[in-house]
Structure formats: C-alpha cells, structure tokens
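Following: one structure in structure tokens, then a few remarks.
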Ligand code: CO8
C-alpha cells in the first residue's frame, strides 16, 4: 500500500479503517488529501482481504480528542481560486467521492465531530453514516459566499428530501447528531466512546454475508435510484439472475434447506 501524509489505513478482520488525519486543520480536505483518498480507495477496492471500509476522522492537534471528522474543504486553499481552479477542485473531489459511493465494498462513515461543508458531503458519499453524540452536521458554504460543491446540493436532497436540504443549505444552520438522525441524514447515533466499536460491529455483520451478493445489491440500489421504476426493477431482475449463478446462492439456499450453517465463499 502507498504511504500517505494525511491518511492512515489499518486493515484487520476483513475491515479497513481509513482515517483522515490533518490535525492542524481539523481534517479539512485539501488537494493533497483528495488525491491521497483517490489512491487509497483504488488500492482498497483491489484488496480481496477487505469487505467493508470504515471512513473516519483523526484526533485534534491540541488535546488529541476527537473533535472533528472533517471541518470542510480547505478554506485557505480555496480562498484565491479562479472559477477554473474551483471547478478542477470539485472534479478532484468527485473522483474519490464516487469511488466511496460505487466501490464494490460497503462504505460506512463513522462521524466523530464536525462534519461541515465538504465533511458533510464526503459522509453522504458513503453508504451508511454512524454519528457519535458530539457530531455536528452542516453546509455553511452560502455563508462563505459559495455553494456546496462536493455534491452537497445533490446528495443532501436525495437523503433528507428537498425541503430539509434547502433549509440546511440556505440557512447554513448546523444540526446535532440527534437531529441528523431524526431527518434521516445518519443511520445511528452512539456515545463517542462506542463509535468505532459500533461501526466495526456493523461492518462485521455485513462482512459475514455473501460479499458478492452485497456488492451486487449495492450496485442495484445505486444504479436503480435514478432510473424509472420499470427499468430499475428490470435491471434488478437481471442482477438477481447473476447472483443465481454463484456458489454462494447454491450454498446459502442449500444450507437453509438442510438446516445447517452456510459457508459462503463470496462468489
Ligand atoms: N479549512 C481550513 N482550515 C480549517 C478549516 C477549513 N475548513 N476548518 C478549521 N480549520 C483550521 C483553522 O483555521 C484553525 O487553524 P489554526 O489553528 O492554524 O488557526 C484550526 O483548523 C482549528 O480551527 P478553529 O480554531 O477555528 O477551531 P474551533 O474549535 O474554534 O472552531 C469550527 C471549529 C467551528 C469547525 C471552525 O474551525 C470552522 O468554522 N471551520 C470552518 C467550517 C466551514 O466553514 N466549513 C466549510 C468549508 S467550505 C466547503 O467545505 C466547501 C466544500 C465544497 C468545495 C467545492 C469546490 C469546487
């Protein structure tokens, strides 16, 4: 695996934990971090020993506490952007963000503090979000004279509905973890000290299923979301057919009928 300046990667028991670590800037996303994310996600997707990825933020420089998941895109880098540079920066982010969304492994975002601007946006590119009780979500961009540009205007509305997305983006209000849960932005809220154990327990449960089936289910949900229902259900039927040709389908159904535990091989 590559070496990174702003990321840490640990792999154990089929679960990768990728930590964004720029303690001097509350883990804000600069170009270098976005490029490193792209490399790391490409390498993780190619690894057979990783079934689920957990993305999280590293501790703060001052007291080593988990204060910020990602406090946004790096404002000191963006401050002098021309329109062309801004567009390039947005595109630079969209590559790793789409990887999080579409890679074959499930991606869980463990949000441990500020998830503002680009931080909220990268969490929304993951399949599932688990928040610690100290997490704060918001899209403060309009207060900076810009708009969410890492997919926020699109993914927030898809997750919480257009009315709530518009309110959050137009007012720049931050919301706490419980409000994020209430509006469907996060799947779960847990005490800070339980965040990583909860994310790993969910990852372990997902990893215990047929990984090929899970990856096909992820593709079916993602691809069908923007299709009309008729074509989406037809696409699902085709993907269902593909899963019927796998060892895991024969083993999973056979084990059920024989009243024994299945041994899934991920294909
Ligand atoms: N960018 C750069 N540096 C940051 C950022 C950031 N987003 N957030 C915090 N930092 C730095 C601070 O400058 C400070 O550095 P230093 O110690 O050298 O002065 C350090 O991190 C600690 O921050 P604070 O002292 O401000 O910590 P506080 O605990 O007082 O406040 C906050 C924490 C509330 C999170 C505060 O830091 C803050 O408001 N940060 C900015 C949050 C924000 O506005 N985020 C959105 C940024 S815009 C964005 O994400 C756009 C995404 C789309 C871009 C599309 C381009 C095409």
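Some observations on this one:
- Gain in span if fully extended, residue 98 to residue 31, counting 0.36 nm per residue against the direct Cα distance: 22.5 nm
- Angle in degrees between helix 229-243 and the longest Cα principal axis of the chain, rounded to the nearest 10: 60
- Residues 1, 235 arranged by fewest to most Cβ contacts within 10 Å: 1, 235
- Amide N proximity, the stretch 247-267 versus residue 11 label position 7 Å along Cα-to-Cβ, cut-off under 20 Å: 265-267
- The stretch between residue 265 and residue 197, if pulled fully straight at 0.36 nm per residue, gains 21.9 nm over its current Cα-Cα span.
- Mean projected area of the Cα convex hull of the stretch 111-238, taken over all directions, amounts to 8.6 nm².
- Dividing the summed -39500 (n - 2.57) terms of all DSSP H runs of n ≥ 4 by the residue count of the chain sets its mean residue ellipticity at 222 nm at -14500 deg cm²/dmol.
- Dividing the convex hull volume of the alpha carbon atoms of the chain by its residue count gives 143 Å³ per residue.
- The chain: relative contact order in percent, alpha carbon pairs under 8 Å with at least 6 residues between: 15
- In degrees, nearest ten, helix 31-45 long axis to first principal axis of the chain (Cα): 10
- Least to most buried among 244, 126 (fewest other Cβ within 10 Å first): 244, 126
- Efficiency of FRET from Cβ geometry, residue 227 and residue 38, R₀ 30 Å, rounded to 0.05: 0.65
- Förster radius 30 Å - calculated FRET efficiency between residue 234 and residue 154 (Cβ-Cβ, nearest 0.05): 0.75
- Förster radius 25 Å - calculated FRET efficiency between residue 49 and residue 255, Cβ distance, rounded to 0.05: 0.55
- Seen against the Cα atoms of the chain and their longest principal axis, helix 83-102 is set at about 30 degrees.
Each reported figure results from applying straightforward, stated rules to the coordinates on display, with no laboratory input. Because the structure is a prediction, the values reported are computed rather than measured. A quick note on method: Cβ atoms are made from the backbone with ideal geometry, for glycine too, and the neighbour counts reach across all protein chains shown.
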